[in-house]
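Single-structure report; data block below.
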């Protein structure tokens, strides 16, 4: 999954939660993401292009960490 924006992601189907770690180190959790959307994200050839209109702009989220090193 090479991406210039997204380092990795994990989907918890039981909680319908998608956790996305960005290259910057920031981590966000997106709630109420249906399994079909997570599967589409997983299969997308460009994670960054898919993410904006299909994940970020559609599901409630919160920041887990900003990626700063303290």
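The length gained by stretching the chain between residue 56 and residue 23 to full extension, at 0.36 nm per residue less their Cα-Cα distance, is 10.3 nm. Note on the chain: GNM, Cα springs under 10 Å; of 48, 25, 14, the largest mean-square fluctuation is that of 14. For the stretch 6-65, with equal point scatterers placed on the C-alpha atoms only and solvent neglected, what are the log10 I(q)/I(0) values from the Debye formula at q = 0.12 1/Å, to two decimals? Once normalised to I(0) and log-transformed, intensities are -0.23.
Taken along the Cα-to-beta-carbon direction at a fixed 7 Å, the label points for residue 8 and residue 66 span 2.4 nm.
Using C-alpha pairs under 8 Å with a sequence gap of at least 6, the mean separation divided by the residue count of the stretch 6-65 gives a relative contact order of 33 percent.
Read the figures in this text as sums done on the coordinates, not as results from a lab. If you're wondering where the values come from, they're calculated on a predicted model, not measured in any experiment. Backbone-built Cβ (ideal geometry, glycine too); neighbour counts: all protein chains shown.
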